[in-house]
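These notes are about the structure you will find just below.
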Amino acid sequence: MAGQATELIEKFRWKYPKSGTPRVVRAPGRINLIGDHTDYNEGFVLPMAIELACWIASAENDLGILRIHSEDLQKYIEMPIALLAEAAPRDDWSDYPIGVAQELQAAGVEFPGMDLFIDSTLPMGVGLSSSAALECAVALSLLGNQRMERVDIAKICQRAENYFAGTPCGIMDQFAIMHGREGGAIRLDCRSLEFEAVPLMRSAAVVAVNSMVKRELSASGYSDRRKECEAAIDLIAEKHPEVQSLRDVTPEMVQEIEDAGPLYGRVHHVVSENMRVAAFVQAARQNNPTAMGKYMVQSHRSLRDDYEVSCPEVDFLVETAMELAGVYGARMTGGGFGGCTVNLINRESLPEFRRRIKAFYQYRYGIDPQVFLCEPAAGAGQFG
Ligand code: GLA
């Protein structure tokens, strides 16, 4: 990591020769082990911050201008601080940093003109939360030495994503990035925002496999599901007015809407997924990867059949993984409609798993899937 920071500082100096000595911040990506499409239903999730991360070197300038360079995209944007409040989204990468800057200002945070240099080991757009990592890294850079609670940084970044970048995401990604723990995942209650560390055994590796599929549907499908959940709450609340969100729905109430078409499946998924998060955490605490894997597969089937956010390529990756030696469990992870699977594997079987899952997928779809070993990492913060 130290090498990464030194290299980043050198690149920063090259790009902004007149700027002062930069601070370096790092914000990890995340992979969700279990509990998908539950965060915006005030339920439970179990994400893990990972070593792949977004890095930013930053220093003040005396120009009154926010200058941002993305090394991965080879793109640059600048914006006078005085005009930030009026900035409008451009529908590109810059919406994340500008949105965060605007939200920080709206929250009363003041910052001077600054130079930011973004570099990342986190692949973009594969479902490992590169955009949320970028948001959190930008927030920490602009805050400098000003203190803000981690949970408030996460909320500001979520707001930037919701209102500026225009994605109606929940709190999971930004929260996990700000609160990651070395050695494991965190179980988050998305209603109270209370969380606890859940250590994972070293003998089991968490591996992401990227289907390389990015469906047009992912944005519209995600907001459709959110609307369906709201419709389901209205329906259930007709008989049970105490129900404020799907978090409050009991298994008995789920059965009462058995005839509600797709809404039944949506609710069935959310209610059962919350229970699976609890069961998975208990299995992790008992060092029982076989049971953890079983819940992962159940989660996948529920997301595929009840919530209908999977796709054939991702289903193929899950089913194939489950045939391979040393694999305890596999499931889609994140929003769905493509993206990555998360696999829990006996660490010794990793080389064989990598070789075989690539070969099978290539044979079936003619695409070489990326495979990422995801080691748990600490949450975002200043480096050095
Ligand atoms: C995306 C969103 C998260 C969450 C997941 C599904 O990753 O950003 O807030 O809703 O999908 O669990």
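Numbers for the structure displayed
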read-out	value
So R191, is it in contact with a Lys or Arg (Cβ under 8 Å, 6 or more places away or on another chain) and at pLDDT 95 or above	yes
Output for segment 195-254, where each listed residue is within 15 Å of the ligand (Cβ to nearest atom), open to solvent by 40 Å² or more (accessible area, probe 1.4 Å) and in a helix (DSSP H, G or I)	L217, A219, S220, D224, R226, K227, E228, E230, R247
Check on L83, outside any loop (DSSP other than H, G, I, E, B), within 16 Å of the ligand (Cβ to nearest atom) and open to solvent by 10 Å² or more (accessible area, probe 1.4 Å)	no
Verdict on W14 being over 30 Å from K227 (Cβ atoms) and surrounded by fewer than 18 Cβ atoms within 10 Å (Cβ to Cβ)	yes
Selection from segment 323-337 of residues that are assigned to a loop (DSSP other than H, G, I, E, B) and either without any contact (Cβ under 8 Å) to a residue 40 or more places away in the chain or open to solvent by less than 20 Å² (accessible area, probe 1.4 Å) (or both)	L324, A325, G326, T333, G334, G336, F337
Which numbered condition N162 misses (of (1) within 16 Å of the ligand (Cβ to nearest atom); (2) buried (at least 20 other Cβ atoms within 10 Å of the Cβ))	(2)
Criterion violated by P28 - all others in (1) open to solvent by 10 Å² or more (accessible area, probe 1.4 Å); (2) within 16 Å of the ligand (Cβ to nearest atom) satisfied	(1)
Output for segment 338-384, where each listed residue is in contact with a helix residue (DSSP H, G or I) (Cβ under 8 Å, 6 or more places away or on another chain), of a type in the set (F, W, Y) and closer than 27 Å to G180 by Cα	F353, F383
Residue in segment 90-113 that is in contact with a Cys (Cβ under 9 Å, 6 or more places away or on another chain), in contact (Cβ under 8 Å) with a residue 12 or more places away in the chain and charged (D, E, K, R) present	yes
Single condition D95 does not satisfy, out of (1) in contact with a Phe, Trp or Tyr (Cβ under 8 Å, 6 or more places away or on another chain); (2) surrounded by fewer than 16 Cβ atoms within 10 Å (Cβ to Cβ); (3) charged (D, E, K, R)	(2)
I367, sole failed condition from (1) in a loop (DSSP other than H, G, I, E, B); (2) more than 18 Å from S129 (Cα to Cα); (3) under 22 Å from the mean Cα position of the chain (by Cα); (4) in contact (Cβ under 8 Å) with a residue 60 or more places away in the chain	(3)
Pairs where the first residue, in segment 153-170, is under 18 Å from Q105 (Cβ atoms) and assigned to a helix (DSSP H, G or I) and the second is more than 13 Å from the ligand (Cβ to nearest atom) and among the acidic types (D, E), C-beta under 7 Å, 6+ apart	I156/E103; R159/E103; A160/E103; F164/D95
A107 being modelled with pLDDT of 95 or more, under 24 Å from the mean Cα position of the chain (by Cα), away from the ligand (no atom under 16 Å from the Cβ) and of a type in the set (G, A, S)	yes
Checklist (1) closer than 29 Å to W14 by Cα; (2) more than 14 Å from the ligand (Cβ to nearest atom); (3) buried (at least 24 other Cβ atoms within 10 Å of the Cβ) applied to A133, failing item	(2)
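The values are calculated or read from the model by the stated rules, or taken from the named source; none is laboratory data. These numbers come from a predicted model, not from an experiment. In this analysis, Cβ positions are derived from the backbone assuming ideal geometry, glycine residues included, and neighbour counts consider all displayed protein chains. Accessible surface areas use protein heavy atoms only, side chains included; no ligands, DNA or RNA. Shrake-Rupley method; radii C 1.70, N 1.55, O 1.52, S 1.80 Å.
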